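Student: Input: one structure, supplied below.
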Amino acid sequence: MHKGSGYFITLEGCEGSGKSTQLKMLCAYLEEKGIDAVYTREPGGTVISEKIRSIILDNENKIMSDEAEALLYAASRIQNVKEKILPALESGKTVICDRYVDSSFAYQAYARGLGYDFIYNINEFAIKTCMPDMTLFFDISPERAFERKGGVDTGDRIELSGLDFHKSVYNGYNKLAEKFSDRIVRIDATKSKAEIFANVKANLNRLGIV
Ligand code: TMP
């Protein structure tokens, strides 16, 4: 749901879902196929949005309120949409975005408990003009992802939020995948890298990108 002629694809999942590895494989594959694609991430993707990212993820900002956090993610997003994503889609490019509004629904609406409506409302600028054509949800529970990582719990302010928080994020993603089953594609992220990527490619194929 956007006015561009390009395809807008977003990647979602819990921490340690292997999303970043798949993103790298996807970038290399699209380049090899000669597809004109733009890659971006959230929070971030533009100079202003990357500055907002560093405020959000800074471990020093432990007292940040849940509402301020949600608004900062929304601010980063609308800048990325207006400055980068929509212009690229309008010029017919494929846009691949590492996380988008579903992250705000899973993390802020469900896990932080701010509710779907609040997150919808503060993201309306982005949602109204720019929704993904397809969202790939890398489905692995936080427990499995944690095990795979070797159990090391280090990272930024959100990564350090604890297992219960990440379990709620995962439940949030599962609810979203049911609610938006026409847009969100579940990718079994417990499989091998090659099997996961084959599934990613099959879905891009289905959409007609490659
Ligand atoms: P990343 O580690 O995938 O770059 O994402 C940064 C962190 O921000 C990650 O823990 C997920 C979190 N996040 C939210 O809580 N809400 C959002 O809207 C987005 C985009 C990310």
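The values are calculated or read from the model by the stated rules, or taken from the named source; none is laboratory data. Note that the structure is predicted; figures quoted are calculated from it, not measured. Please note: Cβ atoms are built from the backbone with ideal geometry, for glycine as well, and neighbour counts cover all protein chains shown.
Student: Quick check on segment 19-37. Is at least one of its residues buried (at least 16 other Cβ atoms within 10 Å of the Cβ), touching a strand residue (DSSP E or B) at 6+ places or on another chain (Cβ under 9 Å), within 23 Å of Phe125 (Cβ to Cβ) and at pLDDT 95 or above?
Tutor: no
Student: I've got another one for you. Please tell me if Ala145 is at pLDDT below 95 and within 16 Å of the ligand (Cβ to nearest atom).
Tutor: Values: at pLDDT below 95: yes; within 16 Å of the ligand (Cβ to nearest atom): yes.
Taking the combined requirement at face value, the residue satisfies it.
Student: Also: Among the residues in segment 99-119, are any surrounded by fewer than 20 Cβ atoms within 10 Å (Cβ to Cβ) and more than 14 Å from the ligand (Cβ to nearest atom)?
Tutor: For segment 99-119, residues surrounded by fewer than 20 Cβ atoms within 10 Å (Cβ to Cβ) and more than 14 Å from the ligand (Cβ to nearest atom): present.
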